[in-house]
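The block underneath contains the structure these notes are about, expressed in structure tokens.
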Amino acid sequence: MSDGREVIADAVIMAIGTQGNPNLMRVPGADFPHVQYQLDDPAAYNDEHIFVVGTGDAGIENALGLAADEAQGNAVTILNRSTEFASAKAANVKALMAASEAGRLTIMTEATTAKIEPGYITLDSRDGEVKLKCDRIIARMGSAPPRAFVESCGIEFTSGDRLAFPKLSPVFESTAPGIFVIGALAGYPLI
């Protein structure tokens, strides 16, 4: 405990997730203040050109939330480096396509971020380099386990890869006896 008291337990369930360690953009300008890795309230943004980077469930849901209310006046574009939406639920992809067909948002496939500047984003696309107006970037590109903390608890990982999961038994017990890992840290985003 934070006050130094010790707590005795037969078992510990570690359900800390991975969202505290988002995968960061690695392009010039990625450290500008209009680049963010979390979207708490889509209604807080109005009349902005917003790019959502990442087409997993979090990215799609963020894009849909930002484009849901036409009165907000946001011009929302979601970037996908491929043409598939492999890491998203079918229902989210269907909703994204419907929003695009309704003209509420734009989907750019085969596009990656090349550079970020105040007021602009430069993309590498299948049609070449494109510079577009951009007020905000919501980067939802996944996250990695808080590896140093987890290892300090005596838990081993399946490999040295940054995105590896902890070694777990069929009942989710880690290599540290009595510590069980569930949720995103175990490779299952929903508990």
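Structure above, values below:
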item: Rotationally averaged projected area of the stretch 1-67 (alpha carbon convex hull; nm²); result: 8.0 nm²
item: Calculated SAXS-style log₁₀ I(q)/I(0) at q = 0.16, 0.23 Å⁻¹ - the stretch 23-112, Debye, Cα scatterers; result: -0.62, -1.26
item: The chain: relative contact order in percent, alpha carbon pairs under 8 Å with at least 6 residues between; result: 28 percent
item: Residue-span extension gain [Arg5 to Tyr120] - 0.36 nm each, minus C-alpha spacing; result: 36.3 nm
item: Debye intensity ratio in log₁₀ form over the Cα atoms of the stretch 69-111, taken at each q of 0.26, 0.32 Å⁻¹; result: -0.99, -1.20
item: Qualifying lysines (Cα of each under 22 Å from Cα of Lys133; at least 8 residues distant if same chain); result: Lys115
item: Rounded percent of accessible protein surface that carbon and sulfur make up, the stretch 30-116, 1.4 Å probe; result: 49 percent
item: Selected from Gly160, Gly119, Pro22, residue furthest toward positive end of dipole (the chain; charges at beta carbon); result: Gly160
item: For the chain: accessible area per residue (Å², 1.4 Å); result: 57 Å²
item: Cα centroid separation - the stretch 1-50 against the stretch 79-143, whole Å; result: 21 Å
item: Cα pair distances of the stretch 117-191 binned at 10 Å [whole percent]; result: 16, 35, 14, 19, 15, 1
item: Descending semi-axes in whole angstrom, ellipsoid equivalent of the stretch 76-177, from the Cα gyration tensor; result: 37, 19, 12
item: Trypsin sites (Lys or Arg not before Pro) restricted to DSSP loop in the stretch 1-94 with at most 13 other C-beta within 10 Å; result: Arg5, Arg26, Lys89
item: Check: the chain dipole with +1 on Lys, Arg Cβ and -1 on Asp, Glu Cβ, in debye; result: 360 debye
item: Point-to-point label distance, Asp161-Val130, nm (Cα→Cβ direction, 7 Å offset); result: 3.1 nm
item: Kirkwood hydrodynamic radius of the stretch 39-82, from inverse mean 1/r over distinct Cα pairs, in Å; result: 10.4 Å
item: Rounded to the nearest 10 Å², the accessible area of Phe85 at probe 1.4 Å; result: 30 Å²
item: Which label in (1) 21.6; (2) 18.5; (3) 19.5 gives the computed Kirkwood radius over Cα pairs in Å; result: (2)
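The values are calculated or read from the model by the stated rules, or taken from the named source; none is laboratory data. Given the structure is predicted, the values throughout are model-derived calculations rather than measurements. A quick note on method: Cβ atoms are made from the backbone with ideal geometry, for glycine too, and the neighbour counts reach across all protein chains shown. Accessible surface is based on the protein model in full, side chains and every heavy atom, while ligands, DNA and RNA are left aside. Shrake-Rupley method; radii C 1.70, N 1.55, O 1.52, S 1.80 Å.
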